[in-house]
1. Return the distance in nm (one decimal) between the two label points of a simple spin-label model at Lys33 and Glu13, each offset 7 Å from Cα along Cα→Cβ.
2. Would you mind classifying region 24-73 by shape? Square roots of the alpha carbon gyration tensor eigenvalues, ordered a ≥ b ≥ c; an a/c under 1.5 is rounded, otherwise it is prolate if a/b is larger than b/c and oblate if not.
3. Test of the criteria: in region 1-53, which GluC sites (Glu not before Pro) are in a DSSP loop and have at most 10 other Cβ atoms within 10 angstrom of their Cβ?
4. How much length would be gained if the chain were fully extended between Ser65 and His20, taking 0.36 nm per residue of separation minus their Cα-Cα distance, in nm to one decimal?
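Here, each number is a calculation from the coordinates, and none is a lab measurement. As the structure is a prediction and not an experimental result, all values here were calculated from the model. Reconstructed Cβ throughout: ideal geometry from the backbone, glycine too, with neighbour counts over all protein chains shown.
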Amino acid sequence: MQKLYHSISEVSELVDEEQHILRYWEKEFDQLKPKKNRGGNRIYSDKDLVLLKLIKKYLRIDKLSLKGAKEQLDKYLTLGQEATLFGHIAHSVDVFDDGTLRKSRKSGQDEIYVNRSELTELYSTLKEVSDILKSS
């Protein structure tokens, strides 16, 4: 059975960040609002966990500033449903016989090649994230 809420120490391990960093991110990112139990301790939902992982990705991997990470998080959350996000990815895509997808800009200069199975896997992951966000 999956837990509904996680303590800050559990989340700290799952996200691999120190607790004081998580508390700092809570102050900086309005979208991150963990609830508190009767004792006043933070309890994080699955939605909070997804947001923390996204924030970490934007700050640590993508090397964005706080402002840039906030903008990216806003864009991500504004897209709403996974169908909308999938629609943005799949827009103007041609499928070839070998299952390869090709997307090109109107100018025809930039092209992106993606295997259909990779796109299906991405869609599945986005749907899982969306379901977690909807259930919170």
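1. 2.9 nm
2. Values: a/c = 2.86, a/b = 2.20, b/c = 1.30.
Here region 24-73 falls in the prolate category.
3. Within region 1-53, the qualifying GluC sites (Glu not before Pro) (loop, at most 10 other Cβ atoms within 10 Å) are Glu18.
4. In short, 14.4 nm is gained.
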